[in-house]
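To keep things clear, I will list the structure first and then write my remarks on it.
Coordinate-derived values only; no laboratory data. Predicted model only: the values in this text are computed from it and were never measured. Cβ placement follows ideal geometry from the backbone for every residue including glycine, while neighbour counts extend to all protein chains displayed.
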Amino acid sequence: MLKLINVANGSSFPCCLHFTITCSTMQKGCTNISLICKEVKDMLKINWQAEVEKRKEEIVSDTQEFLRINSILDDSTITVSQPFGAGIAQALEHILTKGEKFSFFVKNVDGYAGVIEYGQGEESVGVLCHIDVVPTGEGWTTSPFSAAIRNNRIYARGAIDNKGPTIAAFWALAIVKELKLPIHKRIRMILGTDEESNWRCVDHYFKHEEMPTIGFAPDADFPIIHAEKGITDVSLVWNARDDKDNQKIKVLQFKAGDRFNMVPDQAEVVITGDEKLLKEMKDQFTHFLVGQNHKGTTRLNGNSLQIVYEGISAHGSTPEKGVNAGLFLTQFLATYSFQSTANHFFQFVEKYSDFTGEALGIAVQDDASGKLSMNIGKLTFSENGEAEVGLNIRYPVTASGEECLTTLKEVAGSNHAQMLVHDHMKPNYVEKDHPLIQTLQDVYERQTGEEPTLLAIGGGTYARSLKTGVAFGPMFPGREDVAHKKDECIDIDDLLRMTALYAEAMYELAKEASQ
């Protein structure tokens, strides 16, 4: 019978200190160290899933509690201490307080980020999560922040992106700590607060805090994301111009979308002018909806017509999975004649509204990460001629982002527009033979029995902010991607499975110091 004894205090394994060993092979006079090590190795095997199941009730409860906090960016409540608004500040304080209760080292980095850390050592393993969420949109079955449980799923904005996986990572760290496993690197959870907007949180964090040696972000898909496309948010902007057109109908305003990285699920236009023409337009729109098998509403009030088109939201990295309400409403409006500025705007959008950027001349692809994708996430027009087309572009890891932007600038100029670059993140790519990849592959295959294939995505995770980092989960193969959609949810069994994977991954990455 193998026994591991802590020389310092006599307690049994697990312990991160030195051990003396007595076992059946030694008692029989065996000096074969490989046999002795095998017994030790067998003793050290941990049933990670069983450890998670012991804590299931607490994990589920903590997830619901965290999801009930509305952590959408709120400009109206921004202060020095809460740079992204009251809700995000509340969520950050909530999880840091929980970290203190578990006796972790915690730190609030000026409201921009949080740190929850366990272990000792010069090096650290980073686990990068984010606690902010995108706007809720319309049409939820239950309140987006109720965290209601139906059919073994927790429904809430942020359930899968990324507050549910954040709690999974937190409990994974807690399990490593509670088992007193021997580690030689610090495990550092870094909690971002502005991932869904401009990543100002990680910019601030890395100006004031350390860069982990290696790490992962639980914010994409399993098995492992080793390639993330470059991402840039660009606006093509038209300023007010003199417009002396004397059209019978005129666009007062048009709006679709709030975020570059979301497919707009609603578009609205207000048109004024000849009542007879507006009545005809109202009837034609009804026929258009039937042809598209989509939904929408109209309201005619004298010489004013309001049209609302209902689409389906999706993540900006997969625009083809949504129904872009702005593009479909534009398609309808482009058949009419308004003031010249409105005509130019709708015709431009209709001409350049493909998902690959081919019409704009920026379509590229590579073997490592596939084709460039483009989401038209924001569309606005006002009667004074001011207009914006907001693009979220994700280009392959071997492509040149600078060349893409140069081409866009040329297209903008030829259409009397200015190009504004709001954000640009370079691609992230970790070679398949890197030790980080190999360790995570071993963990995934050991726990799931499935092949740990390497994937490339158009989505952007915090992994790209690390010198060496990948995305690891949380979405399992075959699951529907519900991030950024109404009725976003996380399957409770998946929540527990990912917790087990994260716990073992943390341990394996932290148990030995780099040579």
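Using alpha-carbon pairs under 8 Å, 6+ residues apart, how would you state the relative contact order of the chain in percent? If you can, show how the numbers build up before the last one.
Values: 1142 pairs, mean separation 111.4, N = 515.
Answer for the chain is 22 percent.
Give me the extension gain from residue 301 to residue 438: residue separation times 0.36 nm, minus the current Cα-Cα distance, reported in nm with one decimal.
On the way: separation 137, 0.36 × 137 = 49.32 nm, distance 6.45 nm.
Fully extending the segment from residue 301 to residue 438 adds 42.9 nm.
Give the order of 110, 423, 367, 265 when sorted by the count of other beta carbons within 10 angstrom, beginning with the fewest. Please list the in-between numbers first.
Details: 110 13, 423 16, 367 9, 265 25.
Final ranking by Cβ density, sparse to dense: 367, 110, 423, 265.
So what's the angle, to the nearest 10 degrees on a 0 to 90 scale, between helix 340-351 and the longest Cα principal axis of the chain?
Tilt relative to the chain: about 40 degrees.
Rounded to the nearest 500, what is the 222 nm mean residue ellipticity of the chain from helices alone, with -39500 (n - 2.57) per DSSP H run of 4+ residues and division by all residues?
Computed ellipticity for the chain at 222 nm equals -10000 deg cm²/dmol.
Which net charge results for the neighbourhood of residue 179, defined as the other residues with beta-carbon distances under 15 angstrom from its beta-carbon, given Lys and Arg at +1 and Asp and Glu at -1? Please report the intermediate quantities before stating the final value.
On the way: positive: 45, 54, 55, 177, 180, 511; negative: 51, 53, 178, 504, 508.
Local charge sum for residue 179: +1.
At a temperature of 4 °C and a viscosity of 1.567 mPa s, determine how fast segment 232-425 diffuses translationally according to Stokes-Einstein, using the Kirkwood radius over alpha-carbon pairs as Rh; express D in µm²/s, rounded to the nearest whole number. Kindly include the intermediate steps, with their values, before the conclusion.
Numbers: Rh = 17.2 Å.
The estimated diffusion coefficient comes to 75 µm²/s.
Any idea what angle helix 56-67 forms with the longest principal axis of the chain, computed on alpha-carbon atoms, 0 to 90 degrees, nearest 10?
Tilt of helix 56-67: around 30 degrees.
For 465, 304, 124, what's the fewest-to-most ordering of other Cβ within 10 Å of each Cβ? Don't skip to the answer; put the middle values down first.
On the way: 465 25, 304 14, 124 21.
Going from least to most buried by this count: 304, 124, 465.
May I ask for the equivalent-ellipsoid semi-axes of segment 214-272, computed as the square root of five times each C-alpha gyration tensor eigenvalue and listed largest first in whole Å?
Details: eigenvalues 357, 44, 11 Å².
Working through the eigenvalues yields semi-axes of 42, 15, 7 Å.
Go from 0 up to the bin containing the longest alpha carbon distance in the chain, width 10 Å each, and give me the % of pairs per bin.
Answer for the chain: a P(r) of 4, 17, 25, 23, 15, 9, 4, 2, 1, 0, 0 percent.
Determine the sum of side-chain charges near residue 300: Lys and Arg each +1, Asp and Glu each -1, restricted to other residues whose C-beta is under 9 angstrom from that of residue 300.
Details: positive: 279, 282, 299; negative: 275.
Taking every other residue near residue 300 into account, the sum is +2.
All other residues with a Cβ under 14 Å from the Cβ of residue 235 taken together, and with Lys, Arg as +1 and Asp, Glu as -1, what is their net charge?
Values: positive: 259, 378, 409; negative: 233, 258, 386, 388, 423.
Every neighbour counted, the sum reads -2.
In degrees from 0 to 90, rounded to the nearest 10, what is the angle of the helix 492-510 Cα long axis to the longest principal axis of the chain?
Around 60 degrees separate the two axes.
Using per-residue counts of other Cβ atoms within 10 Å, averaged over each peptide, order 168-180, 77-89 from highest down.
Numbers: 168-180: 23.1, 77-89: 17.4.
Per-residue mean Cβ counts within 10 Å order the peptides as 168-180, 77-89.
If you stretched the chain out fully between residue 355 and residue 209, how much longer would it get, using 0.36 nm times the residue separation minus the C-alpha to C-alpha distance? Don't jump to the answer; show the numbers that get you there.
Values: separation 146, 0.36 × 146 = 52.56 nm, distance 3.82 nm.
Value of the extension gain: 48.7 nm.
Nearest 5 is fine: what % of DSSP beta bridges in the chain come out antiparallel, could you say?
Details: 78 of 98 bridges.
Counting only bridges with both partners in the chain, antiparallel ones make up about 80 percent.
Assuming R0 = 22 Å, what is the FRET efficiency of residue 279 and residue 253, from their Cβ-Cβ distance, to the nearest 0.05? Don't skip to the end; give the middle numbers.
On the way: r = 20 Å, r/R0 = 0.92.
E(calc), rounded to 0.05, equals 0.60.
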